[in-house]
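Below is one structure, written out as structure tokens; comments come after it.
Where a number appears in this text, it was derived from the coordinates with a stated rule and is not lab data. Quantities reported herein were computed from a predicted structural model and do not represent experimental measurements. Positions of Cβ are backbone-derived with ideal geometry, glycine not excepted, and every protein chain shown enters the neighbour counts.
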Amino acid sequence: MERRASVGEPRLEASQGQGWWFRRWAGGRVVAGLTDRQTDFARMMRHLEPPLTTVAAGQVHGGSVAMVGRYADTMGTVTGCDALLTPTPGVMLLARTADCLPIFFADPSRGIVGIAHAGWRGLVACLPARVVATFRHAYHSAVDTLHVAVGPAIRACCYEVGPELVEWFKPFVQDRGGRRTCDLVGAARAQLAQCGVRPDRILDSQRCTACETQHWYSLRRDGPTTGRLTSFIMLRP
């Protein structure tokens, strides 16, 4: 059984109808969280200091990472990528998911944040590792200073896969009473650990989008017309 965080530890918490926020994670300058089925993004943002620049990843299920500077367009989208990084306070990075992994990154010591949208294709393309490499080479972050969080995503309990994924994810595929399931979160954590990210700096929300119907959208459960969760991260201005 997965261990839930105790009081005072970093965790993902609901906030009285105002979505979900990562509390006590990556230091006081980092703002990170996501919407749920009942909360829209604009409502969540009302209590943050305006003005904000919001920049979304175009999300093509690949391995490309983009760096966002201080002159980013308001409400812009960076096409052709699934991960964004920025050193600029007040620039909020967005990703939208409905089973794929929203992965949050922060180097509070250097003031850099990032976000990634990672499905199985993104994991095959080593997207988490590419984000870590961008922190290292573009921003000179030390890997052991990185904080990573994994938001709500489909879990091994619900993610049934065909034989075509076994080749890529064999250590994370299990037979559950005739159901072949895959642990994408475990695969992401292993990839991050191989890059040198400290296991105690990887926070898992432990939320399954397909199980928890009252909170999350799930493409696998609800079909292609379902909504999307908006995940976000930024440095406070």
Problem set entry | Distance between modelled label sites at residue 139 and residue 193, nm, 7 Å Cα→Cβ extension | 2.4
Seminar exercise, completed: Cβ-Cβ cut-off under 15 Å around residue 142, Lys and Arg +1, Asp and Glu -1: the net charge is +2
Exercise. Considering the alpha-carbon set of the range 112-219 alone, what are its Rg and its Dmax in angstrom?
Worked result: 14.7, 47
Exercise. How far, in degrees from 0 to 90, does helix 127-139 lean away from the longest principal axis of the Cα atoms of the chain, to the nearest 10?
Worked result: 30
For this session: Note the angle between two axes, namely the Cα long axis of helix 184-194 and the longest principal axis of the Cα atoms of the chain, as a number of degrees from 0 to 90, rounded to the nearest 10.
Result: 60
Problem set entry | Relative contact order computed over the chain (Cα-Cα under 8 Å; 6+ residues apart), in percent | 24
Exercise. Applying 1/(1 + (r/R0)^6) with R0 = 35 Å to the Cβ-Cβ distance of residue 46 and residue 166, what FRET efficiency is obtained, to the nearest 0.05?
Worked result: 0.15
Problem set entry | Residues with amide H under 5 Å from that of residue 11, placed H, sequence gap 5 or more | 23
Problem set entry | Most mobile of 111, 119, 69 in a GNM of the chain (Cα contacts under 10 Å) | 69
Exercise. Quick one: Cα centre-to-centre distance for the range 142-212 and the range 45-118, in angstrom?
Worked result: 21
Exercise. In the chain, what is the volume of the convex hull around the alpha carbon atoms, normalised per residue and reported in Å³?
Worked result: 126
Exercise. Packing-wise, with mean Cβ within 10 Å as the measure, how do 80-87, 59-66, 181-188 rank, highest first?
Worked result: 80-87, 181-188, 59-66
For this session: For every other residue with a beta carbon closer than 14 angstrom to the beta carbon of residue 95, add +1 if it is Lys or Arg and -1 if Asp or Glu, then tell me the sum.
Result: 0
Exercise. For the range 2-125, what does the equivalent ellipsoid look like in terms of its semi-axes, each the square root of 5 times an eigenvalue of the Cα gyration tensor, given largest first in whole Å?
Worked result: 22, 19, 16
Seminar exercise, completed: A student applying the Cα gyration tensor rule (rounded when a/c is under 1.5; otherwise prolate if a/b is larger than b/c, oblate if not) would label the range 68-156 oblate
Problem set entry | In nm, spacing of pseudo-spin labels at residue 221 and residue 38 (7 Å Cα→C-beta vector) | 1.5
Problem set entry | Two-decimal log10 I(q)/I(0) for the range 11-60, as the Debye equation yields it once each C-alpha is a single scatterer, q = 0.19 Å⁻¹ | -0.74
For this session: Give, in nm to one decimal, the length gained when the segment between residue 13 and residue 176 is fully stretched (0.36 nm per residue of separation minus the Cα-Cα distance).
Result: 55.7 nm
